[in-house]
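Read-outs: derived from the displayed coordinates by stated rules, not from any lab. Note that the structure is predicted; figures quoted are calculated from it, not measured. Backbone-built Cβ (ideal geometry, glycine too); neighbour counts: all protein chains shown.
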Amino acid sequence: MEITQVKTLAEQIVQNMSRVIIGKQRPLRLAVISLFCQGHLLIEDVPGVGKTMLARSLAKSVGLSFSRIQFTPDMLPSDITGVSIFNQENRQFEFRAGPILSQIVLADEINRATPKTQAALLEAMEERQVTVDGVTHFLPSPFMVIATQNPIEYEGTFPLPEAQLDRFFMRIQIGYPSLEDEMRILEEQQLQHPIQTLEAVISAEQLLEIQETIKQVYLSPAVRRYIVTLIRYTRNQTEVYLGSSPRGSLALARAAQAKAAMEGRDYVLPDDIKELAGEVLSHRLILAPASKLRDYSERDVILEALNNVAVPGGDPMRRMG
């Protein structure tokens, strides 16, 4: 697939989702970048801003199967993965698939489930498979988990462990709409919700082609060094207890490739790295206790890294050899 086709199809997806999520182009583009990179998305925001609608509109726009899991403290891992049930007629166990065996899975309020249940997602997110009673079941392709959590309600919740946070490709916020956008929401939902009439604008086969195409976007040695230097900067700060892992380097590089392709370029610019660093890296950092007392956030660490690490010069389009 040509890069120009990636740009055209990406714009079609974003514009289609904009019929449901009004006035939020950046969160929509970030969600599409995650999908194109075969990554999982964590949406951390207050109730009612459209987290569930974003997931549903993304699935509908690409014609993918969709399932929603409402996480609760009494949920069991089998409620996610599925169970084996004994069939009295043929005297055999039959696997009844859980909601995880969909192409786009919405894990709603993921931090309300116990760590044991949260861990059931780990194998699915990383290995693209689930194991039930010793039998491995492969997940469909494409596959994406979109998890949500409320950042202000902590009673009765179980914070996601670092190992699981690191498996999310991005963490984003949607935010409240502007005055004009909220008035438009009231007008357009007076008779029915726009999600009811949303149609697919690309196919799953085209999405798989896009996912392979963005891997070919050129990353110059200077840009690769810039990514790694930024990551290493987060590991060497006194304010940071644990910096970003190498998975963060890989995610930032792939996200930049997708962003470049969505803008019609077959090469990555340092500006692509700068624009995506916050969403890709912030949830991969663990701050020192003293930093939290000073209201020093993960975003502050990333901003400091961007301000202090030299931006590479040279021609990012130039290919050696």
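Below, the figures for the structure above:
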item	result
Residues whose placed amide H lies under 5 Å from that of Gly98, excluding near-sequence neighbours	Gly82, Val83
Rel. contact order, % - alpha carbon contacts under 8 angstrom, at least six apart, segment 3-211	33 percent
Under 26 Å from the Cα of Lys274 - lysines, other chains or at least 8 residues apart	Lys7, Lys24, Lys51, Lys215, Lys259, Lys292
The chain - mean residue ellipticity at 222 nm from DSSP helices (-39,500 (n - 2.57) per run, n ≥ 4, rounded to 500)	-13000 deg cm²/dmol
Using a Förster distance of 45 Å, the FRET efficiency for Thr114-Glu180 (Cβ separation, nearest 0.05)	0.60
Karplus (6.51, -1.76, 1.60) ³J(HN,Hα), θ = phi - 60°, over segment 66-74, in Hz, Gly and Pro reported as x	9, 9, 10, 10, 8, 7, 9, x, 8
Global form of the chain, assessed from the alpha-carbon gyration tensor, a/c cut-off 1.5	rounded
Modelled FRET efficiency - R0 25 Å, Leu242 with Asn308, Cβ distances, 0.05 increments	0.80
Sorted by Cβ density within 10 Å, fewest first, the residues Phe138, Phe71	Phe138, Phe71
C-alpha long axis of helix 51-62 to longest principal axis of the chain, angle in °	90 degrees
Cα long-axis angle, helix 298-308 against the chain (0 to 90 degrees, to the nearest 10)	30 degrees
Among Leu191, Leu106, Leu219: highest mean-square fluctuation, GNM of the chain, C-alpha pairs under 10 Å	Leu191
Loop GluC sites (Glu not before Pro), segment 1-92, which have at most 12 other Cβ atoms in a 10 Å radius of their Cβ (DSSP)	Glu2, Glu89
For segment 168-230 and segment 60-111, distance of Cα centres in Å	25 Å
³J(HN,Hα), Karplus 6.51/-1.76/1.60, whole Hz, each residue of segment 225-238, x for Gly, Pro	5, 4, 4, 5, 5, 4, 4, 5, 4, 5, 8, 10, 9, 5
Hz values of 3J(HN,Hα) by residue in segment 179-193 - Karplus curve (6.51, -1.76, 1.60), Gly and Pro given as x	4, 5, 5, 5, 5, 5, 4, 4, 5, 6, 9, 5, 9, 7, 7
Cut-off under 5 Å, modelled amide H: who pairs with Tyr267 long-range	Tyr218
R0 of 25 Å, Cβ-Cβ distance Phe138-Ala163: FRET efficiency to nearest 0.05	0.65
Most to least packed among 263-270, 248-255 [average Cβ atoms within 10 Å]	248-255, 263-270
For segment 115-241: relative contact order, % (alpha-carbon pairs under 8 angstrom, 6 or more apart)	18 percent
Computed over segment 217-308: relative contact order in percent, which uses C-alpha pairs under 8 Å that are six or more apart	35 percent
